Amino acid sequence: MRRREIRVLILRAPGTNCDGETVRAFRDLGVGVDVLHTQRVFKERNLEEYDILVFPGGFSYGDYVRSGAIWAKECEYHIGRDLEHFIDQGKAVLGICNGFQLLVEAGFLPGFEGKARYPQVALANNTTGGYQCRWVHLRHVNRGGCLLTSSLPRDALLRIPVAHGEGRFLLPREVEREYLRRLYENDQLVLRYTKPDGSYAEGEYPHNPNGAYHDIAGICNPEGNVLGLMPHPERAYFGWQLPDWTRCEEPPRYGDGRLILESIVKYVERRF
Amino acid sequence: MPSRYLARVYVSLKSGYSDPEGETTARALRGLGYGVEEVRVSKVYEVVFEAEDRREAGELVEEMCRRLLTNPTKDDYAYELREME
């Protein structure tokens, strides 16, 4: 598939607020982008027209009940089957921050045996004193199983910001070791928080900004075409979004967030 | 003839997980001079709904808890149910 034929759907809902940056980033990559209100998609049931589906960041439905929970159940109720079909075809689904919370709450991630009826993991409130908005360092730890980040070198170090109050990745206590082993065996771990020198944060604040178990910042499904991450690649896409670009001798054209979004586009180019 | 029921649903973090809101509140209460050992924060939902009988009402509340009000990974829940006048 040629790049200009690729169509990206960015869903928005009451309270999402990162759709603008996400649109701008994908447009820069030369793909076609639509932003549609979630209610319109529930009515038109038109997911089939798209190759990449993005649930952007924000605070859908005021983060009431739990972040992403209400939007997740609503999507499950109205377009659950359509979403499963979209994923079964190998099309790309990306959830950023609130979008990651949605994919977890809807049972698409980690999705050990396909979509789960109830969430298998959680993104709980940060242990680090409320809302955290800061630049963090990440390591791409995936070995190739995540199709959406397959253009990124293994062990690539990235600098991308987070902005969330509920990003503490948790596994159920009683099966914590087993689930972590499955995440490794299925190659579902994608991003982990590190210190600036690239060593793992080991839970240390502010490198791990939320207290996430095993420094987990992003995971994918076993098939590798559904990716959820707490950091915001769309806020680290252009060089002028970086916090220190005015102090660079030659400001970089792009930030590290572009690597992730471009890798998703490249996957669709290759696959379809 | 369906009746109206009130369910008071308590959702709390499972023991073993750190509760930052509870820990911060406990520290604040200690700072005010109270000998507080621990605080755990729960959320309470008061849900008013209709059901044919008490058995169905219980089943519906269970379903609401599992489908939306809790994430079984980290949350426990309990509820009180009563028929309204």
- What is the range A:3-271's relative contact order, in percent, from Cα pairs under 8 angstrom and six or more apart in sequence? 19
- A:Arg12 long-range amide H proximity, modeled H, under 5 Å: A:Leu36, A:His37, A:Thr38
- About its Cα centre, how strong a charge dipole does the protein assembly as shown have in debye, to the nearest 20, once Lys and Arg get +1 and Asp and Glu get -1 at the Cβ? 920
- Task: Using a 10 angstrom cutoff on alpha carbons, build the Gaussian network for chain B and name the most mobile of B:Glu50, B:Glu63, B:Glu38.
- Result: B:Glu38
- Out of B:Ala7, B:Gly22, B:Leu69, whose Cα points farthest toward the positive end of the dipole of chain B (charges: +1 Lys, Arg; -1 Asp, Glu; placed on Cβ)? B:Gly22
- Query: Near A:Lys266, which lysines are there with a Cα under 23 Å away, not counting those fewer than 8 places off in the same chain?
  - Reply: A:Lys91
- Between B:Val41 and A:Glu5, the FRET efficiency computed from the C-beta separation at R0 = 35 Å comes out, to the nearest 0.05, as 0.10
- With θ set to phi - 60°, apply the Karplus curve 6.51 cos²θ - 1.76 cosθ + 1.60 along the range A:83-88 and write out the HN-Hα couplings as whole Hz, x wherever there is a Gly or Pro. 5, 4, 5, 4, 5, 4
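Mind checking the range A:112-147 for trypsin sites (Lys or Arg not before Pro) that DSSP puts in a loop (not H, G, I, E or B) and that have at most 12 other Cβ atoms within 10 Å?
Here the sparse-neighbourhood loop sites are A:Arg117, A:Arg143.
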- Item | Bridge type composition, the protein assembly as shown - antiparallel percent by DSSP, nearest 5 | 70
- Note on the structure: Expressed in angstrom and rounded, the centroid-to-centroid distance over alpha carbons for the range A:1-58 and the range B:60-80 is 32
- Message: How much of the DSSP bridge set in the range A:92-186 is antiparallel, in percent, rounded to the nearest 5?
- Response: 90
- Item | Per-residue mean of C-beta atoms belonging to partner chains within 10 Å, peptide B:15-26 | 3
- Calculated FRET efficiency, B:Met84 and A:Glu223, Cβ-Cβ r, R0 30 Å, to nearest 0.05? 0.05
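Under the definition of Cα pairs under 8 Å and six or more residues apart, what whole-number percent is the relative contact order of chain B?
The normalised contact order for chain B reaches 52 percent.
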- Item | Within chain B: Cβ-based charge dipole about Cα centre, in debye rounded to nearest 20 (Lys, Arg +1; Asp, Glu -1) | 360
- Alpha-carbon centroid distance for the pair the range B:1-32 / the range A:214-261, whole angstrom: 36
- Shielding by other protein chains, A:166-179, mean Cβ within 10 Å: 2
- Note on the structure: HN-Hα couplings for the range B:48-55 via Karplus (6.51, -1.76, 1.60; θ = phi - 60°), in whole Hz with x for Gly/Pro, come out as 9, 7, 10, 8, 5, 8, 5, 5
- Query: Which of the peptides B:28-34, A:260-266 is most tightly packed, and how do the rest follow, going by the mean number of other Cβ atoms within 10 Å of each residue?
  - Reply: A:260-266, B:28-34
- Loop GluC sites (Glu not before Pro), the range A:83-149, which have at most 11 other Cβ atoms in a 10 Å radius of their Cβ (DSSP): A:Glu113
- Query: In nanometres, what is the gap between the two model label sites at A:Phe272 and A:Glu204, each 7 Å from Cα along Cα-to-Cβ?
  - Reply: 4.4
- If each of A:Glu44 and B:Ser15 carries a label point 7 Å out from its Cα toward its Cβ, how far apart are those two points in nm? 5.2
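The numbers here are math on the coordinates, done by the rules we state, and not lab data. Only a predicted model underlies this, so the values are computations on that prediction, with no experimental measurement involved. Cβ: placed from backbone, ideal geometry, glycine included. Neighbour counts: every protein chain shown.
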